[in-house]
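All remarks here apply to the structure that follows.
The values are calculated or read from the model by the stated rules, or taken from the named source; none is laboratory data. Please read these numbers as outputs of a predicted model, since none were measured by experiment. Cβ coordinates were reconstructed from backbone atoms using ideal geometry, including for glycine residues, and neighbour counts include every protein chain displayed. Side chains included, ligands, DNA and RNA excluded: accessible areas come from the protein's heavy atoms. Shrake-Rupley method; radii C 1.70, N 1.55, O 1.52, S 1.80 Å.
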Amino acid sequence: MCEIILPIPCAPWTPPRQEQDRRRRKGAVNGEGMAMLQTLFNAIRLIGFLNVLRAVRYTIRRDIIEWRFRVRGASPTLETPGRMSSVERRPGGAQFLFERDHLEVRFLAADLVRITWGAADGVAAYAPARTDWPEVSITTDEGPSGWELQSEALRVAVGTDGGLRFSDAVGRTLREEAPPQRRGKEVIHRCQLRQEEHVYGLGNRAAPLNLRNGAYRMWNRDPGGGHRPGDDPLYLCIPVYLAVHSEGSYLLFYENSFPATFAFGSAAEMRFEGGPLRYYVIPGPPARALERYTELTRRPPLPPRWALGYHQSRWSYGSDAEVREVADGFRSHDLPLSAIHLDIHYMDGYRVFTVDTQRFPDLAGLARDLAMRQIRLVAILDCGVKQDPADTLFQQGHTEGVFCTLPDGHLAIAPVWPGWCAFPDFTLPKTRAWWGRQYARLLEAGIAGFWHDMNEPAAFVTWGDPTLPRPTRLALEGRGGDHREGHNLLGLMMARAGHDALRTQRPEQRPFIFSRSGWAGLPRYAWNWTGDTESTWTTLRQTVATVLGLALSGIPFTGPDVGGYSGSPSAELYIRWLQLSTFLPFFRTHSARTTPRREPWAFGEPYLGIAREFLRLRYQLLPYLYTLAWEASERGHPLVRPLFWPDAEVPDLWDVQDAFLLGDALLVAPVIEEGADNREITLPEGSWYGLFDDRVYQGPGQISVAAPIERIPILVRGGQVLPMGGTDETTGSSSLITLHLYAPPDGDGGGMLYSDAGDGYGPARVNRFRLRREANDLFLSWEHEGAYPFPYEAVTLQLHGMIARRAFVDGVKVPCDGGRIRTRPFSQARFES
């Protein structure tokens, strides 16, 4: 509420300082009033006058519902487990009984332990996907202060008061926990943090890469408009984090979907509003910890190759003609393009699974014409279903009982784009099956992929939480519960419904879905993007930390809206954003309808030419990116990695949040400061080559690299084999591959190249390369496995870092022009300097 100060014509005299204060207060109030009017005007322009009225009405109704069905009588008493009274050894672990609680410690693998306090039947078992863990051999010994359980990789000490200590195989302490505390249904869990300990993860965060000295909410939320650094929470909250300190590293995942707050000060303190305390501890290093975590939650399937190309989007391309115009623009400007996205204006009245036949009279024909040009159509789907007795989808859903309800049995109704909507309860299997059947009509129209939005779920409000009332009832697979427990799960289960539908209805193709919201386990069903951001340099700087945090949370396929979602980026900001995004898994330009156009030619020259070069570079890198995508599906490693990924024992790299690794081979240092034409880079150990100029840098240390508007620093690690695609200038064929060999100073190196048909589930081929430096010679060996034939017409070997006088392929001398050889597949090549 604003304080209004009215001027009084005959006011008594006041001292100058008081008068200044009065005028300052008046100005502040007037400023607040103007800001409120501007916010109201923007809301009306954005969602329409009727939806603003609905938002006011719903917000009042939501507050009444939450008051009416509020939880009463919470206990003020803070309880601990008390003293240990008995122990029962079990296969792979033990059960500990305390005065007021009980604890199960269970090793699922030598380096994966599950801790459960209290009854396990209240756990929302949505994230873990693997259940067939073989029994782990452990020892269980009693000591003077408690018990110790030990596998070959991890030790867990259980104190008589319920405190826990986790140590690695050599006895280094990774983590020390206080006994858990309960206040009614609230669960409080604390862990001491070392002074130097760094914490990363927790999903999508507009925060520094290192989360220390911050508090973060676990509640998926649409912040509205364009979010900025410091906004919390955002759309995708995952209770998983990676901790790194001087004694090692570990990953911790809480299997609890209730609202929670994670605070990292001198200690880590996790407060869950309800649910059991079950969590998993995995010792590092980071690569191994992510492997084990993604084994628990299941690794992402290999995406279709086209998904790694460039995507163009806008809210909205509102007609068939406009989409064709955009596609023609990419062709006329000689720009590669893999997908165009349809936002909500392709729908009939914003109703999900419908098509506006006035705007898109022949959607199937449009999809077919674009497919002939290797451009796919991706369509948005919101989760709200318009409450309309004449709407077939609403009628079906209401009859089948698939919508969320209030405790009194009435539907949970809230306003979104179509108006008043009901919301599917995706925690009910029959809801997922019903929802999945609806994809058929859009698949028949040629839609190649789907964009899940507004699925926190979000609602239009004028204050407070923009979602369904917390007492809303959810099925939770038949166990029953409310929106507090199920809210964070609905986006995940919507993605599951879509993924399962695509696998069933289009079994010969791989599903492509990306989702704004979700929970742990989302990558097995969908990609992600970082949501609606402001178009500012500050947000561009935030992007690297956000994407790295998602990667360390087990989300390997993500990326931002190029240029930011809301606002009008300058040409420089747009180009710097596009240059960064060239090296991120999901490469899409998207913007609000109130912003100027954002196609690559919108900024004119020289920016169009720069954009063209980076788009082409993206497609040259597709063989490498596709190989990294395969590695993510096989090992759970994210494509984008922090600089400390190979060696977490180097503290100088723990805080680097303005550069990242793309796989093992590339270091990307985007330009994130306005007007900058050079970059300071913290370089990890090893030899590094400039991608564009072959200049060699030696790490570790700080270097300065030129970064004119045409370039950002991209470095290649010495010893790597970097596969890049190319086009035969004589024939125009794009079926060429160049293996760039970056000579190591000594020792070994290598790389991989994964190939298949680019979609479907047919045979595949894995090519493994090994580089070996011996004195003045460099050897390259090539082995492969798999039935898929080598898909390239020719192979070019390009040597970097040494001058070759002679070259041999399988013992036969071949021409070597500037360290460049064109050949066919072979077993071994040798370069003599």
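When restricted to residues that are farther than 21 Å from GLN657 by Cβ and either open to solvent by 20 Å² or more (accessible area, probe 1.4 Å) or free of Cβ contacts under 8 Å to residues at least 12 places away in the same chain (or both), the stretch 678-710 contains 11. Looking only at the stretch 707-731, residues that are more than 17 Å from PHE614 (Cβ to Cβ) and out of contact with any Leu (no Cβ under 9 Å at 6 or more places or on another chain) come to 4 in all.
Can THR140 be described as open to solvent by 30 Å² or more (accessible area, probe 1.4 Å) and either out of contact with any Pro (no Cβ under 6 Å at 6 or more places or on another chain) or in a loop (DSSP other than H, G, I, E, B) (or both)?
no
Every residue, every condition in (1) surrounded by 14 or more Cβ atoms within 10 Å (Cβ to Cβ); (2) in a loop (DSSP other than H, G, I, E, B), yes or no:
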{"site": "TYR126", "(1), (2)": "yes, yes"}
{"site": "GLU135", "(1), (2)": "no, yes"}
{"site": "LEU149", "(1), (2)": "yes, no"}
{"site": "GLY162", "(1), (2)": "yes, yes"}
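Among the residues of the stretch 210-232, at least one is closer than 28 Å to ALA153 by Cβ, surrounded by fewer than 23 Cβ atoms within 10 Å (Cβ to Cβ) and of a type in the set (Lys, Arg). Residues that are assigned to a loop (DSSP other than H, G, I, E, B) and over 20 Å from PHE253 (Cα atoms) within the stretch 527-557 comprise TRP529, THR530, GLY531, ASP532, SER535, THR536, listed in sequence order. Restricted to the stretch 551-581, and to residues there that are polar (S, T, N, Q) and under 16 Å from the mean Cα position of the chain (by Cα), the residue that is farthest from GLU599 (Cα to Cα) is SER553.
Residue-wise test of (1) part of a loop (DSSP other than H, G, I, E, B); (2) closer than 22 Å to TRP529 by Cβ.
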| position | (1), (2) |
| --- | --- |
| GLU196 | yes, no |
| VAL199 | no, no |
| ARG205 | yes, yes |
| ASN210 | yes, no |
| ASP222 | yes, yes |
| GLY225 | yes, yes |
| TYR235 | yes, yes |
| VAL240 | no, yes |
| ALA243 | no, no |
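Restricting attention to the stretch 77-98 and to residues that are touching a Gly at 6+ places or on another chain (Cβ under 7 Å) and outside any strand (DSSP E or B), the residue that is surrounded by the fewest Cβ atoms within 10 Å (Cβ to Cβ) turns out to be THR80.
Across the stretch 286-305, the number of residues qualifying as in contact with a Gly (Cβ under 7 Å, 6 or more places away or on another chain) and closer than 16 Å to LEU628 by Cβ comes to 6. Restricting attention to the stretch 560-573, the residues that are surrounded by 24 or more Cβ atoms within 10 Å (Cβ to Cβ) and not aliphatic (A, V, I, L, M) total 6.
For the stretch 757-785, the tally of residues that are closer than 20 Å to TYR619 by Cβ and either open to solvent by 20 Å² or more (accessible area, probe 1.4 Å) or at pLDDT below 95 (or both) stands at 2.
Could you say which residue among ASP500, ASP482 is over 24 Å from LYS185 (Cα atoms) and of a type in the set (D, E, K, R)? Being over 24 Å from LYS185 (Cα atoms) and of a type in the set (D, E, K, R) holds for just one of ASP500, ASP482, which is ASP500.
Scan the stretch 172-194 and tell me whether some residue there is closer than 27 Å to GLU273 by Cβ, without any contact (Cβ under 8 Å) to a residue 60 or more places away in the chain and open to solvent by 50 Å² or more (accessible area, probe 1.4 Å). Among the residues of the stretch 172-194, at least one is closer than 27 Å to GLU273 by Cβ, without any contact (Cβ under 8 Å) to a residue 60 or more places away in the chain and open to solvent by 50 Å² or more (accessible area, probe 1.4 Å), which makes the answer yes.
For every residue, the table says whether it meets (1) in contact with a Ser or Thr (Cβ under 6 Å, 6 or more places away or on another chain); (2) aliphatic (A, V, I, L, M).
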{"residue": "ARG679", "(1), (2)": "no, no"}
{"residue": "PRO684", "(1), (2)": "no, no"}
{"residue": "ALA743", "(1), (2)": "no, yes"}
{"residue": "MET752", "(1), (2)": "yes, yes"}
{"residue": "GLY760", "(1), (2)": "no, no"}
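Of all residues in the stretch 105-118, those that are free of Cβ contacts under 8 Å to residues at least 60 places away in the same chain and open to solvent by less than 40 Å² (accessible area, probe 1.4 Å) total 3. Scanning the stretch 355-369 for residues that are without any contact (Cβ under 8 Å) to a residue 12 or more places away in the chain and in a loop (DSSP other than H, G, I, E, B) turns up ASP356, THR357, GLN358.
Among the criteria (1) assigned to a loop (DSSP other than H, G, I, E, B); (2) within 28 Å of GLY518 (Cβ to Cβ), the one ARG190 does not fulfil is (1). VAL156 satisfies every condition listed in (1) farther than 28 Å from ALA495 by Cβ; (2) in a loop (DSSP other than H, G, I, E, B); (3) of a type in the set (A, V, I, L, M); (4) open to solvent by less than 30 Å² (accessible area, probe 1.4 Å) except (2). Restricting the stretch 711-721 to residues that are open to solvent by less than 10 Å² (accessible area, probe 1.4 Å) and part of a strand (DSSP E or B), which is farthest from LEU683 (Cα to Cα)? Ranking the candidates gives VAL721 first.
Yes/no per residue for (1) more than 23 Å from the chain's Cα centre (by Cα); (2) open to solvent by 20 Å² or more (accessible area, probe 1.4 Å); (3) modelled with pLDDT of 95 or more; (4) more than 21 Å from ARG314 (Cα to Cα):
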{"residue": "GLU599", "(1), (2), (3), (4)": "yes, no, yes, no"}
{"residue": "ALA602", "(1), (2), (3), (4)": "yes, yes, yes, no"}
{"residue": "LEU608", "(1), (2), (3), (4)": "yes, no, yes, no"}
{"residue": "LEU628", "(1), (2), (3), (4)": "no, no, yes, yes"}
{"residue": "GLY636", "(1), (2), (3), (4)": "no, no, yes, yes"}
{"residue": "LEU639", "(1), (2), (3), (4)": "no, no, yes, yes"}
{"residue": "PHE644", "(1), (2), (3), (4)": "no, no, yes, yes"}
{"residue": "ASP652", "(1), (2), (3), (4)": "yes, yes, yes, yes"}
{"residue": "ASP658", "(1), (2), (3), (4)": "no, yes, yes, yes"}
